[in-house]
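Reading through the C-alpha cells given below for one structure.
Values in this text are rule-based calculations from the coordinates and carry no lab data. From a predicted model like this one, the values you see are computed outputs, not experimental measurements. Here the Cβ is made from the backbone with ideal geometry for all residues, glycine too, and neighbour counts use every protein chain on show.
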Number of protein chains: 2
Amino acid sequence: MSLSIFGVQGIGEVPPHTDIAHLIVEALLLPVNADEIGPLRDHDVLVITHKIVSKAEGAIRPSADIESRKAIVEEEAESIIRRRGDLIVARTQHGFICANAGVDNSNVEPGYVVLLPRDPDASAHKIRMRIERTSNVSIGVVITDTFGRPWRRGLTDVAIGISGLPSLVDYRGTVDTFGMELEVTEIAVADEIASAADLVMGKADGVPAAVVRGMRLAGSGRAQDLVRPAQEDMFR
Amino acid sequence: MSLSIFGVQGIGEVPPHTDIAHLIVEALLLPVNADEIGPLRDHDVLVITHKIVSKAEGAIRPSADIESRKAIVEEEAESIIRRRGDLIVARTQHGFICANAGVDNSNVEPGYVVLLPRDPDASAHKIRMRIERTSNVSIGVVITDTFGRPWRRGLTDVAIGISGLPSLVDYRGTVDTFGMELEVTEIAVADEIASAADLVMGKADGVPAAVVRGMRLAGSGRAQDLVRPAQEDMFR
C-alpha cells in the first residue's frame with residue numbers, strides 16, 4: 001500500500017487562453033519530468049494549483065494599490081465572515097470561506113491580482129475530459145488553493161475543484177479491527193490529496209502541478225460537496 | 001521533486017507498555033514491508049496514528065455506555081467550545097480543538113475508549129530517539145489524529161505530536177516567480193504530512209503507521225506550535 005507524488009516541473013508563466021490540459025501533457029514530455037513521471041496512467045490524480053487555471057481563464061484583475069485590491073475582495077465576497085485590520089475572512093460565491101475571498105497577489109505579474117476560477121469544479125472537469133481524450137487514460141483532477149483555518153496555525157492546501165475522484169470517502173458502516181461499526185468517519189480525501197501534493201509543489205518554486213500515483217478511489221465528487229452547509233456549521 | 005508514501009502493514013493489536021519504536025522497526029522487517037519500504041533512511045518521516053501510541057501508553061479507559069463516555073469527555077476537555085446534541089467540540093489540555101476532546105471508541109476493544117496521549121510531542125520525541133539510536137538514522141516522527149474542521153465537510157488527519165521536523169514552514173521573505181516577496185505564507189507542513197500519510201492508512205485497514213520518503217525539511221518543531229493562540233483566533 002503505497003503512493004508516489006511527483007512535482008511537474010518546467011511549466012512557465014501562463015498567459016490568458018492557455019490550454020492547461022495541453023500545457024501539462026506537454027510538460028510531462030520534458031526530460032526533467034519524463035524520466036521520473038512518464039506519461040499519465042489510469043488512476044493518476046493530477047493536482048493543479050488554481051493560480052495557473054485562473055490565469056488561463058483570465059480570472060485576473062489589474063490592482064494598483066491596496067485600496068483597489070480591497071474593492072476587488074469586496075466584489076468577490078458573497079459575505080464577510082470576519083474582519084480584523086487588513087485581514088478579511090469571506091465566503092466566496094462558491095461557498096468557500098477563506099482569506100480575502102481568494103484574491104491573491106503572489107505569483108502574479110506586479111499590478112495584478114488573481115481571483116479564484118469562476119467554477120473550479122467545471123474547470124477540473126474540462127481539463128480532465130481534454131486529457132482523457134487526448135491521452136487515452138482515466139485520471140482524476142484536483143484544483144487547489146491554500147487556505148487558513150481556525151484554531152490551528154499555518155495554511156494547508158485544499159481542493160476547490162474536483163473531477164473524476166470522490167471528494168469525501170465515507171467509512172460509516174465499515175467495521176474497525178474489532179468488528180465495531182465506525183460511526184462518523186467521512187474523510188475529505190480530496191483535501192488530503194491537495195495537502196499531499198503541496199508537499200512537492202512549494203510556494204515559490206514554479207511547480208504548479210503534481211501527479212499523485214497509486215490511489216485507487218472509486219466514485220466521483222465535486223469540491224462543492226466539501227462546503228459545509230450553514231445549518232451544519234457551528235462556527236460562522 | 002517527488003516523494004513516496006508507504007503504509008506499514010502487519011502491526012497487530014497494541015497492548016499497554018508496548019515499545020512502539022521497536023514494534024515499528026520489527027514490522028518494517030516483515031516481508032510485506034521489507035521489499036517495498038526497506039529499512040528507514042535519513043530524512044524519512046515516520047507517521048503514526050495516535051491510537052497505537054495511546055494504547056501503548058495506557059491512555060485508554062473502560063467505558064461501558066454513552067454516559068460514562070460523556071463523563072470521560074468532560075474530564076479530558078479543558079473547555080467546551082460548542083455543544084450540539086451528542087456532539088461536543090472541546091479544547092483539550094494540549095490546546096487542540098476537536099470533537100469529544102479526542103476521546104474515541106473506534107479501533108479499540110469494546111467497552112473501552114482511547115484518549116489522546118498526555119504529551120504527544122514528548123511521545124514523538126521518545127519514539128524518534130529510540131529509533132535513531134537503534135537504527136542509526138536521522139528521521140522525523142509525526143503522531144496524528146483525525147479532526148473535523150469548521151466550514152468544510154469531512155475529516156482530515158493532522159499532526160498532534162512532532163519530533164525531528166518543522167511544524168510550520170515559513171515562506172515569508174522568499175520571493176515568488178515574479179520576484180515579489182511572499183506575504184503571509186506559513187505552511188503547516190506537518191499537518192500536510194499527516195494528511196498525506198492518511199491516504200495510505202485508511203481508517204479500518206489495520207495500517208496505523210506510514211513512512212513518507214523524499215522530504216527534505218530543515219529545522220524542528222512541535223505540534224504545540226500549530227495551536228493558534230486564543231488572541232489570534234477569530235473563531236472560538
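Hull volume per residue, based on the alpha-carbon atoms of chain B and their convex hull, is 136 Å³. Per residue, chain B reaches -7500 deg cm²/dmol at 222 nm when only DSSP H runs of four or more residues are counted, each adding -39500 (n - 2.57). Sequentially through the stretch B:20-31, phi angles give Karplus couplings (6.51, -1.76, 1.60; θ = phi - 60°) of 4, 4, 5, 4, 6, 4, 5, 4, 5, 7, 4, x Hz, Gly and Pro residues having no value and appearing as x.
Shielding of peptide A:154-161 by partners, expressed as the average count of other chain Cβ atoms within 10 Å per residue Cβ, is 5. Based on Cα atoms of the stretch A:1-132, Rg over Rh with Rh as the Kirkwood radius reads 1.03.
Put the label 7 Å from Cα along Cα→Cβ for residue B:64; what are its distances to the other copies, in nanometres, shortest first? Here residue B:64 shows inter-copy label distances of 7.6 nm. Counting only other chain Cβ atoms within 10 Å of each residue's Cβ, the peptide A:3-15 averages 3. Residues whose amide H falls under 5 Å from that of residue A:155, counting only those 5 or more places apart or on a different chain, are B:186, B:187, B:188, with hydrogens built in the peptide plane. Return the whole-Å distance between the Cα centroid of the stretch A:67-103 and the Cα centroid of the stretch B:59-73. Their Cα centres are 42 Å away from one another. Charge dipole (Cα centre; +1 on Lys/Arg Cβ, -1 on Asp/Glu Cβ; no other charges) of chain A amounts to roughly 280 debye. Label-point distances for residue B:118 to the equivalent site in the other copies, using a point 7 angstrom along Cα→C-beta, read 5.9 nm when ranked shortest first.
Note on A:225-236: average number of Cβ atoms from other chains within 10 Å of each residue's Cβ is 4.
Taking 8 Å as the Cα distance limit and 6 or more residues as the minimum spacing, I'd like the relative contact order of the stretch B:60-116 as a percentage. Intermediate values should be presented prior to the final figure.
Details: 92 pairs, mean separation 20.5, N = 57.
Value for the stretch B:60-116: 36 percent.
In the protein assembly as shown, one over the average inverse separation of all distinct C-alpha pairs is 22.7 Å, which is the Kirkwood hydrodynamic radius. Projecting 7 Å from Cα along the Cα-to-Cβ direction, the label point of residue B:82 sits 1.3 nm from its equivalents in the other copies, listed shortest first. Value of Rg to Rh for the stretch B:87-157, rounded to two decimals, is 1.06; Kirkwood radius and Rg both from alpha-carbon coordinates. Across every pair of non-identical alpha carbons in the stretch A:1-46, the mean reciprocal distance, once inverted, gives a Kirkwood radius of 11.7 Å. When chain B is treated as a Gaussian network with alpha carbon springs shorter than 10 Å, the biggest mean-square fluctuation among B:91, B:133, B:213 belongs to B:133.
Per residue, the convex hull spanned by the Cα atoms of the stretch A:60-115 amounts to 70 cubic angstrom.
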